[in-house]
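Structure first, then comments.
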Amino acid sequence: MEFNNSDFTILVVDDVEVNVFYITTLLSKVGYKTLTATNGQEALEITMEQEPDLILLDIMMPVMGGMEVARVLKSMPEKQFIPIIFLSALSSSEDIVEGFEAGGADYISKPFKKDELLTRIKHQISLIAAARIIFKQNEELQKTIIGRDKLYSVIAHDLRSPIASVKMVMDLLINNIPKESLKPDIYELLMMANNLTEDSFNLLDNLLKWTKSQTGTLNTVFQNNVDLMNLIYGVIESINGVSKLKNISINLIGKTSCEARIDIDMIKSVLRNLLNNAIKFSYEGTSIDVILTENEDRLIIDIKDHGVGISKDKQIKLFNIESHYSSHGTDHENGSGLGLLLCKEFVKRNGGSLWFESQEEVGSTFSFDIPIQK
């Protein structure tokens, strides 16, 4: 690692004037800045005022010895990371161990060789330089992350409302204008616009929630005695317009009454993403089954389609944030790949787990469970 010695200041602490002169001359010749002190108390005062990058510290000194200086500095949060190299005539193994226990980064016995001292100093300075680079890069990374997340949030939040309004208008048009009353090309454009609007809304909604979850601003708010069947039915109703475009029927099967303690918005998001995916990868004219069952103290929701399925090599990528993929649906619908990642996190936050089974050209079943509220 390359660094400039002139960027670093070393405090030399020794009560023998000749030693101080020799060491400071040696350090100055190779470019280091130096400070000096003749006893431990003076060393502490200089460290508090000027904060050197490294301290060369004698042990046996008047007023305050080197071991005590080291212990005081290591007890101070703002000074504890300044490396200390002990320079002492004490050379027994007990003295060396005590020096390291007091907080020394290194220990050199007197008399020392010039090259050894400079090498030991260079090693400590290189560690300091590396730490500074890491700290600076971390600061820059944090700024980049904050800026990115803020951008994502602003985009998603500011665009979500107008896209939601357009989505409502498109749903109204699709459900109230007979196909026969429009020319085929106009009807095709209307269908395309509706699909694009639906895809854009889902993307922005997922993007907003993903950003909040990654920045720690998305809280899990549990509500008691939530009727899960009614919740599922409401989500199915909200996406009926999308399923009708592909002539896909959604069947709700299983228990008619069950309650859970959940974050309603999160579970709605899970259901909506899984159902939209099922529609996206289903063939026109097929059906999707939403099956609600109870297993001991868990409620299990299966969403089963009869679509294209997922190949084995792609299945392992589904929940990996680094390798997850997105693909076009049977009617060329777009996807961001965020939906399933959100589903996994939201289900986990509600005390459950998410899994799936899939076979190419047979279909997929995505399932999740949540605790029953008794």
Notebook entry, point to check: What do you reckon, is Lys167 among the charged types (D, E, K, R), in contact with a Ser or Thr (Cβ under 7 Å, 6 or more places away or on another chain), outside the structural domain of Asn195 (by TED's automatic domain parsing) and on the phi < 0 side of the Ramachandran plot?
Noted result: no
Checklist line | Matching option when the condition is exposed (fewer than 15 other Cβ atoms within 10 Å of the Cβ) and of a type outside the set (A, V, I, L, M, F, W, C), among Ser238, Ser200 | finding: Ser238
Notebook entry, point to check: Could you say whether any residue in the stretch 16-30 is within 21 Å of Ile128 (Cβ to Cβ), under 41 Å from the mean Cα position of the chain (by Cα), buried (at least 19 other Cβ atoms within 10 Å of the Cβ) and not charged (D, E, K, R)?
Noted result: no
Check: Which of the residues spanning the stretch 286-304 are part of a loop (DSSP other than H, G, I, E, B) and either β-branched (Val, Ile, Thr) or not assigned by TED's automatic domain parsing to the domain that holds Val235 (or both)?
Finding: Thr286
Margin query: Within the stretch 177-193, does at least one residue satisfy the condition of being within 36 Å of the chain's Cα centre (by Cα) and surrounded by 10 or more Cβ atoms within 10 Å (Cβ to Cβ)?
Written below: yes
Next item on the list: Could you pull out the residue among Gly351, Gly337, Gly363 that is modelled with pLDDT under 90 and either more than 20 Å from Gly254 (Cα to Cα) or touching an Asp or Glu at 6+ places or on another chain (Cβ under 9 Å) (or both)?
Entry: Gly337
Notebook entry, point to check: Taking the stretch 241-267 as the search range and keeping residues that are modelled with pLDDT of 90 or more and crowded, with 18+ Cβ neighbours inside 10 Å, which one is nearest to the chain's Cα centre (by Cα)?
Noted result: Met266
Item checked: Only listed residue being farther than 17 Å from Val12 by Cα, of a type in the set (Val, Ile, Thr), assigned by TED's automatic domain parsing to the domain that holds Val13 and surrounded by fewer than 20 Cβ atoms within 10 Å (Cβ to Cβ), chosen from Ile96, Ile46, Ile128 -> Ile96
Notebook entry, point to check: Which of the residues belonging to the stretch 72-111 are assigned to a helix (DSSP H, G or I) and touching a residue at least 24 places away in the same chain (Cβ under 8 Å)?
Noted result: Val72, Leu73, Lys74, Asp95, Glu98, Gly99
Note to self: Given the options Lys167, Lys122, name the one that is in contact with a helix residue (DSSP H, G or I) (Cβ under 9 Å, 6 or more places away or on another chain), of a type outside the set (Gly, Ala, Ser) and farther than 30 Å from Val242 by Cα.
What the structure shows: Lys122
Checklist line | Selection from the stretch 1-27 of residues that are small (Gly, Ala, Ser) and modelled with pLDDT of 95 or more | finding: none
Notebook entry, point to check: Which ones in the stretch 1-31 are of a type outside the set (Gly, Ala, Ser), free of Cβ contacts under 8 Å to residues at least 40 places away in the same chain and touching a strand residue (DSSP E or B) at 6+ places or on another chain (Cβ under 7 Å)?
Noted result: Val20, Thr24
Next item on the list: Among residues belonging to the stretch 105-118 that are buried (at least 17 other Cβ atoms within 10 Å of the Cβ) and touching an Asp or Glu at 6+ places or on another chain (Cβ under 9 Å), point out the one that is farthest from Phe81 (Cα to Cα).
Entry: Ile108
Notebook entry, point to check: Of the residues that make up the stretch 57-69, is at least one touching a residue at least 60 places away in the same chain (Cβ under 8 Å), among the aliphatic types (A, V, I, L, M), within 17 Å of Ile121 (Cβ to Cβ) and buried (at least 17 other Cβ atoms within 10 Å of the Cβ)?
Noted result: no
Item checked: Residue check, Ala102 over 29 Å from Phe3 (Cβ atoms) and in contact with a strand residue (DSSP E or B) (Cβ under 9 Å, 6 or more places away or on another chain) -> no
Check: Under 7 Å by Cβ, and 6 or more places apart or on different chains, what pairs join a residue from the stretch 261-281 that is in contact (Cβ under 8 Å) with a residue 12 or more places away in the chain with one that is in a helix (DSSP H, G or I) and charged (D, E, K, R)?
Finding: Asp263/Arg349; Met266/Arg349; Ser269/Lys209
Next item on the list: May I ask you to list the residues in the stretch 344-364 that are within 7 Å of Gly309 (Cα to Cα) and not hydroxyl-bearing (Ser, Thr, Tyr)?
Entry: Gln359, Glu360, Glu361, Val362, Gly363
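The values are calculated or read from the model by the stated rules, or taken from the named source; none is laboratory data. Fair warning: this is a prediction, and the values are worked out from it, not measured in the lab. Counting neighbours? That spans all protein chains shown, and the Cβs are built from the backbone with ideal geometry, glycine included.
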